[in-house]
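Some notes on the structure that comes next.
The values are calculated or read from the model by the stated rules, or taken from the named source; none is laboratory data. Predicted model only: the values in this text are computed from it and were never measured. Cβ placement follows ideal geometry from the backbone for every residue including glycine, while neighbour counts extend to all protein chains displayed.
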């Protein structure tokens, strides 16, 4: 999984970032994937569906798309043949295309997927004993310039659409062969292979709020993919004005790329801190569980040797988060070519974790997954972009950043 952290202090809250429209140019077909229920109903009415039938048709099509995973109107057998033909004339069912798949020795799968415009993003599936977590991307590249994050060395190209975000989930379910068999309910087929979603891939989700919100509402809809909001975690580097909106309009679990206990160090590691500092971020986080009725906030903390890993840092972290229902995920730094940091020694990480644990907070040390295929936290970057740059170029970008 990749980490998204850091933002240039001068960047606006609402970025002028291109998002590919749902309707293709010159009368092209409209993609039904990514439309909200209201959006789907409106599109059907505009295409000639009588208003009195629109709610029923919306529900039928919604189940075909998101419960059964059907991609062909001809297979929607509870609709008349004429109506299916009309749908096929006006609409399409399109998700991102898988370009390549790598499987790690530990079972982690990393997908390179192509979206509109020929751009590519990476998606990672992590199988565990009690769950299967899909790490999805929200932007092509990243506006954020975390000095420890490989993804942040790729410049932002554009926001992903809601279709491209939920399409990553649908693509993974295709690969895992996890759509229900005919006659089987959503929860009747036993434990899910894809049981959790984390928005921790390429990009800062809260700089693409509307598309992320719409995609996650589709994922949570009980007549479709039907994942509980507690099965979805959104990770932000600290876009403070959008945190309350996330609680109100999505209500999923929240993770924060924290990584430092002083503004001086966080300014360097996570430059968005220059705009919204630690105090402002923590004030927003204290309100989040109250508004969203959410569980603990997860603080992500990458362990960097001789940078943020001292016992004093651990004690300061405990003081800072006092009063916030929280757990702290300690992430051994995942090195990448040209990285300016090293992973903290294991004994140092354990000492740090012990201080937090004795203060009453869960402090799991994340086991690095998929390192052999560059699929671990902070390592995601589209293969085409990676191939264009030499190690020296990457090192130079990091030093300039």
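Observations on the model:
- Among the residues of the range 107-129, those identified as surrounded by fewer than 16 Cβ atoms within 10 Å (Cβ to Cβ) and assigned to a loop (DSSP other than H, G, I, E, B) are 107, 128, 129.
- For the range 72-83, a residue qualifies if it is out of contact with any strand residue (DSSP E or B) (no Cβ under 9 Å at 6 or more places or on another chain) and within 24 Å of residue 174 (Cα to Cα), and the qualifying residues are 72, 74, 75, 76, 77, 78, 79.
- Criterion applied to 24, 79 was being modelled with pLDDT of 95 or more and either surrounded by fewer than 12 Cβ atoms within 10 Å (Cβ to Cβ) or not assigned by TED's automatic domain parsing to the domain that holds residue 224 (or both), and the one residue passing it is 79.
- Each residue in the range 141-190 was checked for being crowded, with 19+ Cβ neighbours inside 10 Å, assigned to a loop (DSSP other than H, G, I, E, B) and modelled with pLDDT of 75 or more, and 5 pass.
Here's the yes/no breakdown for (1) over 20 Å from residue 329 (Cα atoms); (2) assigned by TED's automatic domain parsing to the domain that holds residue 333; (3) in a loop (DSSP other than H, G, I, E, B):
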position	(1), (2), (3)
242	yes, yes, no
261	no, yes, yes
267	yes, yes, no
273	no, yes, no
287	yes, yes, no
295	no, yes, yes
300	no, yes, no
307	no, yes, yes
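- Test result for residue 202, surrounded by 24 or more Cβ atoms within 10 Å (Cβ to Cβ) and part of a helix (DSSP H, G or I): no
- Total residues in the range 99-111, condition touching a helix residue (DSSP H, G or I) at 6+ places or on another chain (Cβ under 6 Å) and closer than 19 Å to residue 160 by Cβ: 1
- Within the range 27-66, being in a loop (DSSP other than H, G, I, E, B) and either modelled with pLDDT of 95 or more or touching a helix residue (DSSP H, G or I) at 6+ places or on another chain (Cβ under 9 Å) (or both) holds for 29, 32, 33, 34, 35, 36, 47, 48, 49, 50.
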